[in-house]
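This report refers to the structure that appears directly beneath it.
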Amino acid sequence: MSKDRVLIFDTTLRDGEQCPGASMTLEEKLQVAELLDEMGVDIIEAGFPIASNGDFESVSEIAKRVKRATVCGLARAGQKDIDRAGEAVRHAKNPRIHTFISTSPVHMKYKLQMEPEKVLEMVTQSVARARNLVPDVEWSAEDGTRTEHDFLCRVVEAAIKAGATTINIPDTVGYTVPEEYRALFEMLRNRVPNADKAIFSVHCHNDLGMAVANSLAGLQGGARQIECTLNGIGERAGNAALEEAVMAIKTRGDVLNFETGIDTTMLMRASKLVSAVTSFPVQYNKAIVGRNAFAHESGIHQDGMLKNNQTYEIMTPESVGVSKTSLVMGKHSGRHAFREKLKELGYELGENALEDVFRRFKDLADRKKHVYDEDIEALVDEGLHTEEDRIKLVALTVIAGTQGPQLATLTLDVDGVHRTVQSSGNGPVDATFAAIKALLPHEAKLELYQVHAVTEGTDAQAEVSVRLGEEGSSVTARAADPDTLAASARAYLSALNKLMQRAARGGHERRLHSTAPLGGV
């Protein structure tokens, strides 16, 4: 039996980036977009062009770079939004404008403060305007799952009549359940007279933990496009995870008679890239791409796996880009073995980056008895954004204990000049951060400080996450080191470097939620 083709619409660079603290630079967005294109994603929603000059520039540059995928820009129903989106995607080989407006009673009354007839009028006007700019227009009914069915049928019919080629019914607040969502698409396809003229799309948020299940149910109801993000990142509890939806379709073809164009062997590589550029770690037990997804500790499980891996694995690690073979890395390992290990873990680095990570790996191997895959991943992730750093840690000495005072002596390289200071604080971490602030006075506030061990044992690397906020915007950075205080200093400095880089760009990378409220699907 032939399978129906499902389009994969990735919104990591738009809805995913709206996740607080997940903002990316232009270069990082280009990296992600090019990998998505190579992986076989059909549509890349590159951003919200009206949100800021930075968003416009990133959408425009992605439109120029992407070779195969459709490049999409999001726009509200207003003329300025649509025109700005059209300008941003005009260089794309396959441009799309994605325009939306709220259709639920609660959104129309309180958010839009519009009567239903005015909303219906704006649907027609916005879609028609977008269609005059590009041949491919997607229209979304924001908060579609809480919209009255009669009105939803009217606006969907109007959008298709005005020229929409894709109709998206998002579960904007993660409210629906699979049976209900499937029935919603069946109802629309049966009741809307021109429903056969457009592709229906699902866009599910994960507030109740059902985003992927709802998305698959929508396919069974007749939708043929899934809107999703890598690692499931997104606003609040996130979006449907691309890797989970794609592998569910691939693994359960017996009940999901669909296929996608995704090269699934690139999923782990893509997941790691997004985790690295956003500084959002992937939970260990995350489906498909989590650290433990193909790990077995139970003796019963191990016995079964040794006899036949199908006893406890429903898909092969290789199918998502994870190698079963593990190279044991230590201080005697050479560059060739290290390069192969990086490939196994999903990383491909240039010579300079490889040399830097290899040097730091050797330093770690001299200090640590066992070097695990997670240790190497932490080294790579820490080094991804250091090339532009103006501030570097040179030396840190901390005096701590029950008798106090806690003192930190810190030397930094600031634009090539070494500067040293000693500061006290309420504990060794506070003293360290006080020393940084003494050398680099700033107004940024510490919004998050988190420490966890990368691996087990008393010599485990500490991975520290720091989020700094300034003028309504925030950045997150991570660093790893067997010395928790050194990792803390590096993470704090990495966040400061990000803020300085953002300031140097004139604020163009400032996040969506730090500007005027724009909303989204």
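Taking the longest Cα principal axis of the chain as reference, the axis of helix 373-383 is set at about 90 degrees. Label-to-label distance, THR311 versus LYS80, with points set 7 angstrom from Cα along the beta-carbon direction: 6.5 nm. Taking every DSSP helix (H) stretch of at least 4 residues in the chain, weighting each as -39,500 (n - 2.57) and dividing the sum by the residue count yields a mean residue ellipticity at 222 nm of -12000 deg cm²/dmol. Counting beta carbons within 10 Å around each of HIS91, HIS336 and listing the fewest first gives the order HIS336, HIS91. Normalising the Debye intensity of the chain to I(0), with uniform scatterers on Cα atoms only, and taking log10 at q = 0.07, 0.13 Å⁻¹ returns -0.43, -1.26. Residues ARG90, ARG84, ranked from the fewest to the most other C-beta atoms within 10 Å, line up as ARG90, ARG84. Straightening the chain between ARG65 and ALA183 buys 38.6 nm, computed as 0.36 nm per residue apart minus the Cα-Cα spacing.
Rounded to the nearest 0.05, what FRET efficiency do LYS118 and HIS149 give with R0 = 22 Å and r taken as the Cβ-Cβ distance? Could you check? Result of the calculation: an efficiency of 0.65.
Taking the longest Cα principal axis of the chain as reference, the axis of helix 53-65 is set at about 80 degrees. Compared with the dominant Cα axis of the chain, that is its longest principal axis, helix 242-251 is turned about 70°. Placing unit charges on the Cβ atoms only, positive for Lys and Arg and negative for Asp and Glu, gives the chain a dipole magnitude near 560 debye about its Cα centre. Ordering of 239-249, 395-405 by packing is 239-249, 395-405, highest average first (other Cβ atoms within 10 Å, averaged per residue). Annotation: peptides 439-451, 5-17, ranked by per-residue average of other Cβ atoms within 10 Å with the highest first, follow the order 5-17, 439-451. Ordered by the number of other Cβ atoms lying within 10 Å of each residue's own Cβ, fewest first, CYS204, CYS19 fall into the sequence CYS19, CYS204. For the range 391-504, what class follows from the C-alpha gyration tensor (a ≥ b ≥ c being the square roots of its eigenvalues): rounded when a/c is under 1.5, otherwise prolate if a/b is larger than b/c, else oblate? Oblate, because a/c is 1.5 or more while a/b does not exceed b/c.
Every number here is computed from the coordinates shown, using simple stated rules; none is lab data. This is a predicted model, so every value here is computed, not measured. No Cβ is skipped: glycine too gets one built from the backbone with ideal geometry, and neighbour counts run over all protein chains shown.
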